[in-house]
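Below is one structure, written out as structure tokens; comments come after it.
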Amino acid sequence: MYEDLKEHSISIYGGYINSNKDLLESASGGMATALSRRMIHDGGYVAGVVYSEHMYSAEYIVTNDEKDLDRLKGSKYIDANKNDIYNKVKKLLDAGEKVLFTGLPCIVGALNLMLGREYDNLITCELVCHGPTHTQVHAQYVRYLEEKYGSKVVDFSVKHKEGKWLPTYLYAKFEDGQVFKKEFADTEYGYAFTVYGKNACYNCKFKGNNRTADIMIGDFWGVSEKDSFYNELGVSVVFVHTAKGQKYLESIDELTLFETDFETAVRKNQKVIVSKKKHPEKDSFEKNFKEGGLMYAIEKSSFKSVNAKRGIYNKLPGFVRPLGRKIYYTIVKLKKRLKGRQ
Ligand SMILES: Cc1cc2nc3c(=O)[nH]c(=O)nc-3n(C[C@H](O)[C@H](O)[C@H](O)COP(=O)(O)OP(=O)(O)OC[C@H]3O[C@@H](n4cnc5c(N)ncnc54)[C@H](O)[C@@H]3O)c2cc1C
Ligand code: SF4
């Protein structure tokens, strides 16, 4: 499978959008924003995912309004409502309009299946994907924040960049101007995202060579200052799968792209090749979530103890944290090994 995908990509890049403002507002390297802006400037339409007006869910929209690019920015870690998007896109394509469709691989696959034929006026872009969590997790977390802060959430991100790409923060802005920020991995939402995935994602068919889009983009995990394409504000990985995708990418001049090889691109991004593993707590979390909601499931989970153990870690200065993290996980591994021997 690994070798197949290697053959499948025409070219592979690491890179980012040139504007620092766009880069800071984007999920990784702002690749989707650059692809989208190009399409709108060409007079075409862009389909992608935004948070819905009330902020409790996410949905696919199709638009030719450049103002919508800001709402499209950022990863929404939930299953987005389709809102008849396939029919809307087909209608536009049949009318001869150009469309860029960005979505999760299974959604791009479903669109292709529904269309039933190639369209020269369609460019598809899939995200590297290890699967979203359930919309109810998001909705309950947003409501929890609204209750706590006594004000409506008007802006939300699970991949907020606090001046630089990593670590990523959960960010919420309230109607009355208050702001909530916390490292995503340390939030109840972050824990639910890791533990409580969708069943189909543990055995995803859209891995390896089963690619559905002209271009695939993701986070360039593992990139370091030694790499020519390093940017502390965010870096995207780009796999180009078709000649149409290559031509489209080359037509964009607001990108900095460096060609790289397959091994470097997937070294720390195995979700290109394999599905995520089911978390040991998934079933109990799901049961508790259905019984009493997010905070009840969190209460019953090992989230608290993880946080307690991370208490010392959180007090460490930023530059010592990677070493702290290494030591922590080595201890966890050793404990597991010792337990296995007993
Ligand atoms: C659920 C999920 C899991 C992911 N898992 C991985 C992973 O394991 N490894 C990895 O490298 N990358 C993963 N990604 C992709 C990564 O987080 C970025 O979304 C991607 O690199 C695009 O970043 P960007 O800076 O180019 O996008 P931006 O310029 O910020 O634009 C964001 C784009 O993402 C689209 N989008 C946002 N949320 C969704 C959604 N829920 N469904 C469909 N489209 C959406 C928007 O329509 C927009 O086009 C995942 C994304 C999601 C949504
Ligand atoms: S992991 Fe696979 S099945 Fe799950 S959302 Fe992503 S592409 Fe779809």
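Remarks
- Long-range neighbours under 6 Å by Cβ, at least six apart or interchain, first residue open to solvent by less than 60 Å² (accessible area, probe 1.4 Å) and part of a helix (DSSP H, G or I) within the stretch 276-304, second modelled with pLDDT of 95 or more and among the aliphatic types (A, V, I, L, M): K282/V195; F285/V195; F285/A297; N288/A297; F289/A297; L294/V137
- Among the candidates V128, V223, V235, residue that is touching a Gly at 6+ places or on another chain (Cβ under 8 Å) and either within 14 Å of ligand 2 (Cβ to nearest atom) or open to solvent by 40 Å² or more (accessible area, probe 1.4 Å) (or both): V128
The values are calculated or read from the model by the stated rules, or taken from the named source; none is laboratory data. Everything numeric in this text was worked out from a predicted model, so none of it was measured. FYI the Cβ positions are ideal-geometry reconstructions off the backbone, even for glycines, and counts take in every protein chain you see. The accessibility values were calculated without ligands, DNA or RNA, using every heavy atom of the protein model including side chains. Shrake-Rupley method; radii C 1.70, N 1.55, O 1.52, S 1.80 Å.
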